[in-house]
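The numbers here are math on the coordinates, done by the rules we state, and not lab data. Small disclaimer: the values here were computed from a predicted structure and weren't measured. Positions of Cβ are generated from backbone atoms using ideal geometry, with glycine treated the same way; all protein chains shown enter the neighbour counts.
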Amino acid sequence: MSHSPATPLLDTVDTPEDLRRIAPAQLRQLADELRAETIATVGQTGGHLGSGLGVVELTVALHYVFDTPRDRLVWDVGHQAYPHKIITGRRDRMKTLRQGGGLSGFTKRSESEYDPFGTAHSSTSISAALGFAMANKMAGQPGKGIAVIGDGAMSAGMAYEAMNNAQLAGNRLVVILNDNDMSIAPPVGGLSAYLAQLVSSRPFLRVRDIARRISRRLPEPLHKAAKKTDEFARGMAMGGTLFEELGFYYVGPVDGHNLDQLIPILENVRDAAEGPCLVHVVTQKGKGYAPAEAAADKYHGVQKFDVITGQQVKAAASAPAYQNVFGETLAKLADSDPRICAITAAMPSGTGVDKFAQAHPDRAFDVGIAEQHAVTFAAGLAAQGMRPFCAIYSTFLQRAYDQVVHDVAIQNLPVRFAIDRAGLVGADGATHAGSFDVTYLASLPNFVVMAAADEAELVHMTYTAACHDSGPIAFRYPRGNGTGVALPDVPQRLEIGKGRIVRHGSKVAILSLGTRLAEALKAADQLEARGLSTTVADLRFAKPLDSELIRQLMTTHEVVVTVEEGSIGGLGAHVLTLASDEGLTDAGLKIRTLRLPDLFQDQDSPDKQYEAAGLNAPAIVDTVLKALRHNSAGVEEARA
C-alpha cells in the first residue's frame, strides 16, 4: 500500500489488519503519528501517559507481526494500552477515555475483541496468556498467547509462578519483558541487537536443537557440561540465564524503539519451533515527549495538560490530600517512636509513604508489586516488637487476603493497615474501587476496623493505630483531598469501638461510617426542613461496633439508616445482626442500610458514581421518607 507523504498513515488504520498492509518502510511514520495522537488524546482527557508513549513502537510491531486478535495479546496492567486502543478500532472514542459511558483506562473484554483479557492489577498477563495458549493447544487450534509485562510487574511472585508452568504451552507462548527502568539490562547497543536477532533465527535454533540431540547421546557428565556451556555463553552475552532456568528461550535485550530490530526478531520468535520465548525489550517511559521523558514519574498518570508546554491543568486544592495527611502524621509520630515503620507495595507517593521515607528512610520499605510479601513482612516486624504500618490501596490489599487471615489475624499480630483509595475512585473505575475492605476485614476475628470521616479523623486514627498493640487494626480513607477541616495539633487516641454523635435529633438516626458523613449531615438538614428531627452519628468503627450507642439510637428513634462506602456485608450487615440478636426490631423499628450496589460500577466522576450508588443526601432523604411511608407532600401535610 502506498501513500503520499502528506497523507496521515494513521487515518488509513482502523484495525491491525489495515496495519499489516502498510509497507515496512512506512511503519516509522505510523509510529510517529500514533505517538502524536496519544499525546493529543491524553492532553484532553488525562490518564496514563508515560507508559503508553514508551510502547508505541512495540505496539505497532506486535500487531504487525502477530495475527491479532487470533493471537491473544495481553497487556499487563493495561495502562500502557492507549496506543493499542487507537489502532484497534477505538480511535474515534478516545476522547471519552476514563469518562462515564466512555472507554476504560485499561483493557476490557467488553470493549473490543482485541482486548482478550481485562487487566488493571499487575502481574497477571503471563498466567492469562498461558491460559489462552493452552486452550488453543488442547483444541488443536492456531493462535498464540502473548504477554507484555513490565520490569516492575516482574517483581510479583505470580509472574514467576506462571513462567514456572509455561513449558506446557511450547512455542504458543511469547512473553515480552518491557524493561523501561533499565533495572535488568545493560545499555542496549548494536552488538546485543545483532546477537538477539541471531539467536532468535531459525538457523541458530536448528543448529542448537541438533547440538542438544547430540549432547544427549554423550555420557552424562559431558551432556551436563555441554548444556551449561550453552547457557553460560548466552547468559554472558544477554543476561537470560534466569529465564532459561524457568524454561524460556531468552532473546534480548532489544531496543524497543527500533522497528528495524524489533520486527525481524519478533518474526523469528513467531516462527520458532522452540518452546516458550521471552523477548527482553528495553524502552523509555515517555519516549518522544520531552516533558514526560524528563519526569517519568510525574507523567505516569496525568491530569489534562497543555501539549505544547506539558503544563498539567490541576484544580487548586482547598484541602490536603488524604494520603499526604497520613504520611506526614506517621512521620511525626515516628519522630518519637523508633518502633514505627512503613511498608508499601510499589506505591510510595500514592500512599503517602514517600513523606514518611523523607523523614525516616531507614524505616520505610517499598517491596515492589508484592502485596502478599508486604503483609507477611509486616507480620514478621510486628512479631519482633516493631509497629509496622502496611499502607496499601484497598483494591490491592485484596491480593494479600490469605496473608491477612493466616499470617496476621490468626496470630493476632499488631499490624496496622492504612487502607488508601477506600470507596469509589472515579476515572479508574471498578478495577481500582475500594469497595470490599470493610466486608473482608470486619468478618475476621481479632481485627479492629475504622473509617475516617475527614482528614482530622484520619490524624486521630493514625495515632490510635500506632498505640494499638493488642492485635491487627485497619483504618480506611478515600482518594483525593480532604474536606478542609483544621488538622489537630495534638492527635487524640480514640477509644476502640466508640463512635460520636455529631448532631442530635429524636425521630430519624443516620449512622455513618467514613466520608459519607458530609452527605449524611446534608440529608439531616433536608429532613429537618421537612419537620423530621434527625440524629447523625459518626460510628468511626465498623468493628467492634459501638453497640451501646447503636442500641440507644435504635430504642429512641423511629427510623435508623446506615450509610457506608462499601459493599454488602459491611457496616449495615453488622448493625442488622446486632439488632436481630438483641430483638431491637420487635417494637416496629425501621432499619434501612445504604451501601454500594451489588455490581461493579464503571468509571465516572466520583459524585456521579455516588449518585448512581444511592449514597448522596437526596438518596438518604428518599430512603427515610419511604421508610416512614410518606412522600414529600405527606410529610408537609403532617407538619401542617
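If you take all C-alpha pairs in the chain, what percent of them are over 32 Å apart? Walk me through the intermediate numbers first.
Numbers: 113297 of 204480 pairs.
Counting pairs separated by more than 32 Å, the tail of P(r) holds 55 percent.
What are the aspartates and glutamates whose alpha-carbon lies under 15 Å from the alpha-carbon of K355, with same-chain residues fewer than 8 places away excluded?
Within the straight-line cut-off, K355 pairs with E328, D335, D366, D420.
Taking amide H atoms as placed 1.01 Å from N in the peptide plane, list the residues 5 or more away in sequence, or in a different chain, whose amide H sits under 5 Å from that of V449.
Residues meeting the criterion, in which the H sits 1.01 Å from N, are A474, A542, K543.
Starting from segment 31-86, pick out the trypsin sites (Lys or Arg not before Pro) whose DSSP state is loop and whose Cβ has at most 14 other Cβ atoms within 10 Å. Mind dumping the intermediate values first?
Values: sites: R35, R70, R72, K85; in loops: R70.
Hits after loop and neighbour filter: R70.
Under the rule a/c < 1.5 gives rounded, and otherwise a/b versus b/c splits prolate from oblate, where does segment 500-639 land using the Cα gyration tensor? The partial results should precede the final answer.
Working: a/c = 1.59, a/b = 1.06, b/c = 1.49.
Taking the square roots of the gyration eigenvalues as a ≥ b ≥ c, segment 500-639 is oblate.
Taking every DSSP beta bridge with both residues inside the chain, roughly what % is antiparallel (nearest 5)?
Details: 11 of 69 bridges.
Percent antiparallel among DSSP bridges in the chain is about 15.
Tell me the mean residue ellipticity at 222 nm calculated for the chain from its helices only (DSSP H runs of n ≥ 4, each -39500 (n - 2.57), averaged over every residue, nearest 500). Don't jump to the answer; show the numbers that get you there.
Values: 26 runs with 254 residues, N = 640.
Result for the chain, helices only: -11500 deg cm²/dmol.
For segment 322-476, what class follows from the C-alpha gyration tensor (a ≥ b ≥ c being the square roots of its eigenvalues): rounded when a/c is under 1.5, otherwise prolate if a/b is larger than b/c, else oblate? The partial results should precede the final answer.
Values: a/c = 1.32, a/b = 1.08, b/c = 1.22.
Note, shape of segment 322-476 comes out rounded.
Between T562 and residues 5 or more places away or on another chain, which pairs have amide H atoms under 5 Å apart, with H built 1.01 Å from N, and which residues are they?
L511, R592, T593, L594
Given H placed 1.01 Å from N in the peptide plane, which residues other than close sequence neighbours of T124 have an amide H under 5 Å from its amide H?
Residues meeting the criterion, in which the H sits 1.01 Å from N, are V77.
How many nm separate the modelled label positions at L242 and R21, each set 7 Å beyond the Cα in the direction of the Cβ?
A separation of 4.4 nm, rounded to one decimal place.
Got a sec to turn the phi values of segment 424-438 into Karplus ³J(HN,Hα) couplings, 6.51 cos²θ - 1.76 cosθ + 1.60 with θ = phi - 60°, whole Hz, x for Gly and Pro?
7, 10, x, 5, 6, x, 5, 5, 10, 5, x, 8, 10, 5, 4
What pairs from K144/K298; K95/K608; K304/K522; K85/K287; K144/K287 go past 24 Å between their alpha carbons?
Working: K144/K298 35 Å; K95/K608 19 Å; K304/K522 31 Å; K85/K287 18 Å; K144/K287 28 Å.
Flagged as over cut-off: K144/K298; K304/K522; K144/K287.
What FRET efficiency do you get for D32 and R629 if R0 is 60 Å and r is their Cβ-Cβ distance, rounded to the nearest 0.05? Don't jump to the answer; show the numbers that get you there.
On the way: r = 66 Å, r/R0 = 1.10.
For R0 = 60 Å, the calculated efficiency reads 0.35.
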